[in-house]
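The structure appears below as structure tokens.
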């Protein structure tokens, strides 16, 4: 069934009212689905800030189940889905996938689960699975999924920049940048430790932190302990990544865990060099020494060493930036749309 216009109606679901890379990827998926000609109904909490970033053509349904076992929410959702002729539910991560799958049980309505996480148990509720890297696919295959039912579709760049950021000389104070939620898995403490090590060896550095989170007070305390308060600026969440990247010399992604890391891709596309840990997501995008640099995860000394190597190779940054942009172009939304269309068609056929 459809809405009478001939458009297939798809529900797109995320149980989050936060800001971050996951939410940005969700918005990008909404744009991708509408670009393919589907009518999209977005299921999120009503106060989700990223609703303002959505395509004008989407409809909204308030969806915020209380945990995995909200029976009342499940009943209301089931009734809404039946009354609004949805033909496919695309669910992001385990909570949305599990709760929606329960709500549509017996309706012969397929659930396409998209995972940006290694939490696999409740993703089993989906009829088909999409993950963002080959590393993640291997993880799900090890936990019982059939290779025929798991597709790899990386995060996409909705607006690939026409031109790279104009190159500029690296000044005496090297400006490092960090973007992300301030939480333990993002590795910001290791970045502060690495920065302290480099300054102790004679490097002159500053750091701009874009983001917020529960660990902000811990970071302030660590900066005070290391006597780095004057060298670090907290800029909060940013809305214009290109404008922000123009203010730094080198992006550092110190994550202990990172399933993809869209900021790596954005920086490569815009022409800002990147040092990252070799967490699975960034490691799927960066070729060490060719399109960026990779350090060990959770190791401040390794991170400091790799940042130092990158800075010592500043004369070669233009070549690295050009190769990184060429690599990032493979992730443009235009390049990935045919694969997404094929996945959805396969699910709808079943």
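Looking only at the range 326-337, decide whether some residue is surrounded by fewer than 24 Cβ atoms within 10 Å (Cβ to Cβ), touching a strand residue (DSSP E or B) at 6+ places or on another chain (Cβ under 9 Å) and within 30 Å of residue 232 (Cβ to Cβ).
Within the range 326-337, one or more residues are surrounded by fewer than 24 Cβ atoms within 10 Å (Cβ to Cβ), touching a strand residue (DSSP E or B) at 6+ places or on another chain (Cβ under 9 Å) and within 30 Å of residue 232 (Cβ to Cβ).
Check off (1) over 24 Å from residue 263 (Cβ atoms); (2) surrounded by 14 or more Cβ atoms within 10 Å (Cβ to Cβ) for residue 15 and give me the number that stays unchecked.
So residue 15 meets the others, but not (1).
Taking the options 259, 291, 277, name whichever one is surrounded by 15 or more Cβ atoms within 10 Å (Cβ to Cβ), at pLDDT below 95 and either under 17 Å from the mean Cα position of the chain (by Cα) or closer than 28 Å to residue 118 by Cα (or both).
Numbers: 291 fails: at pLDDT below 95; 277 fails: at pLDDT below 95.
None of the others qualify; the one that does is 259.
Looking at the range 160-190 only, could you name the residues that are touching a strand residue (DSSP E or B) at 6+ places or on another chain (Cβ under 9 Å) and not in a helix (DSSP H, G or I)?
Result: 160, 170, 173, 174, 175, 176, 177, 178, 179, 180, 182, 187.
Run residue 47 past the list (1) in contact with a helix residue (DSSP H, G or I) (Cβ under 9 Å, 6 or more places away or on another chain); (2) farther than 22 Å from residue 104 by Cβ; (3) surrounded by fewer than 19 Cβ atoms within 10 Å (Cβ to Cβ); (4) at pLDDT 95 or above and report the number of the one that doesn't hold.
Unmet condition: (1).
What's the total number of residues in the range 292-314 that are closer than 16 Å to residue 271 by Cβ and in a helix (DSSP H, G or I)?
Looking only at that region, the number is 2.
Collect the residues in the range 225-245 that are in contact (Cβ under 8 Å) with a residue 24 or more places away in the chain and either within 25 Å of residue 304 (Cβ to Cβ) or in a helix (DSSP H, G or I) (or both), keeping them in residue-number order.
Keep residues of the range 225-245 that are in contact (Cβ under 8 Å) with a residue 24 or more places away in the chain, which gives 226, 228, 231-238, 241-242, 244-245.
Selection gives 226, 228, 231, 232, 233, 234, 235, 241, 242, 244, 245.
Which condition number does residue 265 fail, the rest of (1) in contact (Cβ under 8 Å) with a residue 24 or more places away in the chain; (2) out of contact with any helix residue (DSSP H, G or I) (no Cβ under 9 Å at 6 or more places or on another chain); (3) in a helix (DSSP H, G or I) being met?
Result: residue 265 fails condition (2) only.
What's the number of the condition residue 3 fails, among (1) assigned by TED's automatic domain parsing to the domain that holds residue 345; (2) within 26 Å of residue 350 (Cα to Cα); (3) modelled with pLDDT under 95?
(1)
Those residues that are outside any helix (DSSP H, G or I) and over 26 Å from residue 201 (Cα atoms), I need them from the range 277-289; list them, please.
Quick first cut of the range 277-289, residues outside any helix (DSSP H, G or I) only: 277-279, 286-289.
Across the range 277-289, the qualifying residues are 279, 286, 287.
What's the number of the only condition in (1) modelled with pLDDT of 95 or more; (2) surrounded by fewer than 17 Cβ atoms within 10 Å (Cβ to Cβ); (3) farther than 19 Å from residue 157 by Cα that residue 208 fails to meet?
All conditions are met except number (2).
Could you check, for the range 162-175, whether at least one of its residues is more than 30 Å from residue 203 (Cα to Cα) and modelled with pLDDT under 95?
yes
Taking the stated definitions as given, is residue 68 farther than 30 Å from residue 185 by Cβ, surrounded by fewer than 20 Cβ atoms within 10 Å (Cβ to Cβ) and assigned by TED's automatic domain parsing to the domain that holds residue 339?
No; evaluated as a whole, the condition is false for this residue.
Is one or more of the residues making up the range 113-133 under 19 Å from residue 77 (Cα atoms), within 16 Å of the chain's Cα centre (by Cα) and part of a helix (DSSP H, G or I)?
no
Name the single residue, out of those in the range 75-96 being without any contact (Cβ under 8 Å) to a residue 40 or more places away in the chain and either surrounded by fewer than 18 Cβ atoms within 10 Å (Cβ to Cβ) or in contact with a strand residue (DSSP E or B) (Cβ under 7 Å, 6 or more places away or on another chain) (or both), that is nearest to residue 27 (Cα to Cα).
In this case the residue turns out to be 80.
The values are calculated or read from the model by the stated rules, or taken from the named source; none is laboratory data. In this text the structure is predicted, and so the values were computed from the model without any measurement. Note that we place each Cβ from the backbone using ideal geometry, even for glycine, and neighbour counts take in every protein chain shown.
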